[in-house]
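Step one of this worksheet: look at the structure below.
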Amino acid sequence: MVPVLSVIGNVQAGDSVLIHAGLSGVGTAAIQLARMAGAIPLVTAGSQHKLQMAEKLGAVAGFNYKEEDFSEAALKFTKGAGVNLILDCIGGSYWEKNVNCLALDGRWILYGLMGGADISGPLFSKLLFKRGSLITSLLRSRDQKYKQMLVKAFTEQILPHFSMKGPQRLLPVLDRIYLMNKIQEAHEYMETNRNVGKIVLEMPQ
């Protein structure tokens, strides 16, 4: 998440950042890192409880995608300007709403396809009209050198903030911890989409 926001996303102080699945493990980290960069984190989530938790982590506003059009809500929040950066793990089913609420010269980072890979409609023309950038990011296919760079950047730039006090402090967000022999139970819980933050598997000693 460090290079996605700072390097790939080129996040700047004052940027509005729309984070989909805002209470996932990645989402909770993105909220805090965006806030730390001086940006304005906005999130989508599927329950009021999750939106309240997002606000506690530093989200300025949240939109319940089950009850409202997050695209129109984001436009209203930004007074029609749109968001500067979108962190999207959903993909296909959100493409039109993403483009609709993207600001001119905005960046849309796609790092997952939970909502499918297929698109039907004029994506390119709408994105071109916004002068928007669609950037894809995938960690799994990266080489060992890149992954080592990530660990080094995290250790030097982010890890110290977990022991700080005050507004620059980062908090790990853990939902539940399961023993390794309960991995099926952990998957079943994850599929309910009720978790806030990470689900952790504990290795036997």
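The values are calculated or read from the model by the stated rules, or taken from the named source; none is laboratory data. Note that this is a predicted model, so its numbers are computed, not measured. Neighbour counts run over all protein chains shown; Cβ positions are idealised from the backbone, glycine included. The protein model used for the area step is the full one, side chains on, heavy atoms only, and it has no ligands, DNA or RNA in it. Shrake-Rupley method; radii C 1.70, N 1.55, O 1.52, S 1.80 Å.
This model, with +1 at the C-beta of Lys and Arg and -1 at the C-beta of Asp and Glu, gives the stretch 105-205 a dipole about its Cα centre of some 460 debye. Using the Kirkwood radius built from alpha carbon pairs, what does the Stokes-Einstein equation give as D for the stretch 1-123 at 20 °C and 1.002 mPa s, in µm² per second? It comes out at roughly 153 µm²/s. Output wanted: per-residue J couplings in Hz (rounded whole) for the stretch 168-182, from phi through Karplus 6.51 cos²θ - 1.76 cosθ + 1.60, θ = phi - 60°, x for Gly and Pro. Result, ordered by residue: 8, 6, 9, 10, x, 10, 10, 8, 8, 10, 10, 5, 4, 6, 10 Hz.
Go through 45-53, 180-188, 137-145, 192-200 and give me the packing order, highest mean Cβ count within 10 Å leading.
Result, highest mean first: 45-53, 192-200, 180-188, 137-145.
Listed options for Cα extents along the principal axes in Å are (i) 55, 32, 29; (ii) 56, 36, 35; (iii) 108, 35, 33. The value calculated from this structure is the one marked (ii).
Summarising the amide proton neighbourhood of SER24: residues at separation of 5 or more, or on other chains, whose placed amide H is nearer than 5 Å comprise GLY197.
Using a cutoff of 8 angstrom between alpha carbon atoms and counting only pairs six or more residues apart, the relative contact order for the stretch 56-204 works out to 14 percent. Out of residues 5 or more away from ILE135 or on other chains, whose amide H comes under 5 Å of its own, with H placed 1.01 Å from N in the peptide plane? Those qualifying (amide H under 5 Å, at least 5 residues apart or on another chain) are TRP108, ILE109, LEU110. Sites listed here are chymotrypsin sites (Phe, Trp or Tyr not before Pro) in the stretch 97-130 whose DSSP assignment is loop and whose Cβ has at most 10 other Cβ atoms within 10 Å, and the list is empty.
In this structure, the amide hydrogen of ASP15, modeled 1.01 Å from its nitrogen in the peptide plane, lies closer than 5 angstrom to those of ILE40, counting only residues at least 5 positions away or on a different chain. Converting phi to 3J(HN,Hα) with the Karplus coefficients 6.51, -1.76 and 1.60 and the offset θ = phi - 60°, the stretch 196-201 yields 10, x, 7, 9, 10, 9 Hz in sequence order, with x at every glycine or proline.
Bridgeable aspartates and glutamates around LYS97 (alpha carbons under 20 Å apart, same-chain partners fewer than 8 residues away excluded): ASP15, GLU67, GLU68, ASP69, GLU72, ASP88, ASP105, ASP118.
Of the beta bridges in the chain, as assigned by DSSP with both residues counted there, near 0 percent are antiparallel. What separates the Cα centres of the stretch 9-79 and the stretch 157-183 is a distance of 19 Å. Partner lysines whose Cα lies under 28 Å from the Cα of LYS145, excluding those fewer than 8 positions away in the same chain, are identified as LYS198. Residues in the chain average 57 Å² of solvent-accessible surface per residue, probe 1.4 Å, ligands and nucleic acids excluded.
Of the accessible area of the chain, computed with a 1.4 Å probe over protein heavy atoms only, carbon and sulfur atoms account for 57 percent. In plain terms, the chain from GLN184 to ASP143 could stretch by 11.8 nm, reckoned as 0.36 nm per residue minus the Cα-Cα distance. Axis angle, to the nearest 10 degrees, between helix 144-153 and the longest C-alpha principal axis of the chain: 90 degrees.
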